[in-house]
1. Over the chain, what is the relative contact order in whole percent, taking alpha-carbon pairs under 8 Å and six or more residues apart?
2. Step through the residues of the range 19-27 one at a time and calculate ³J(HN,Hα) from phi using the Karplus curve (6.51 cos²θ - 1.76 cosθ + 1.60, θ = phi - 60°), rounding each to whole Hz and writing x for Gly and Pro.
3. In deg cm²/dmol and to the nearest 500, what is the mean residue ellipticity at 222 nm of the chain if only DSSP H runs of at least 4 residues count, each as -39500 (n - 2.57), divided by the residue total?
4. Using the Cα centre of the range 11-79 as the reference point, and only Cβ charges (+1 on K/R, -1 on D/E), how large is the resulting charge dipole? Debye, rounded to the nearest 20.
5. For the residue pair Arg78 and Ile7, what label-to-label distance in nm results when each label sits 7 Å from Cα along the Cα-to-beta-carbon direction?
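Rule-based calculations on the coordinates, nothing more; no lab input. Note that this is a predicted model, so its numbers are computed, not measured. FYI the Cβ positions are ideal-geometry reconstructions off the backbone, even for glycines, and counts take in every protein chain you see.
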Amino acid sequence: MVATMNISLPEPLKDHVRDQVATGNYANPSDYVRALIRADRQRVEEGRLERLLLEGLASGAPVDVTPERLAELRAKARAES
């Protein structure tokens, strides 16, 4: 399902969005905004993953980071959002 959301931007930001669309990398302003939101979600998830890893290291317990364990931590970081 796709929902509609209207946003207000000052003219310089609106011009920036138009410039980004004009590069051909984005089909329209909505495509550009979706890309920004996806990148932000990824950044937030990576921050949570880093926090979980640092907590594990700080615990002093032996840490065996396997691909499976890393996948579990990524899932946990996603679930926190």
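1. So the answer I get is 23 percent.
2. 4, 5, 5, 5, 5, x, 7, 10, 6
3. Computed mean residue ellipticity for the chain: -23000 deg cm²/dmol.
4. 180 debye
5. That separation, rounded to one decimal, is 2.3 nm.
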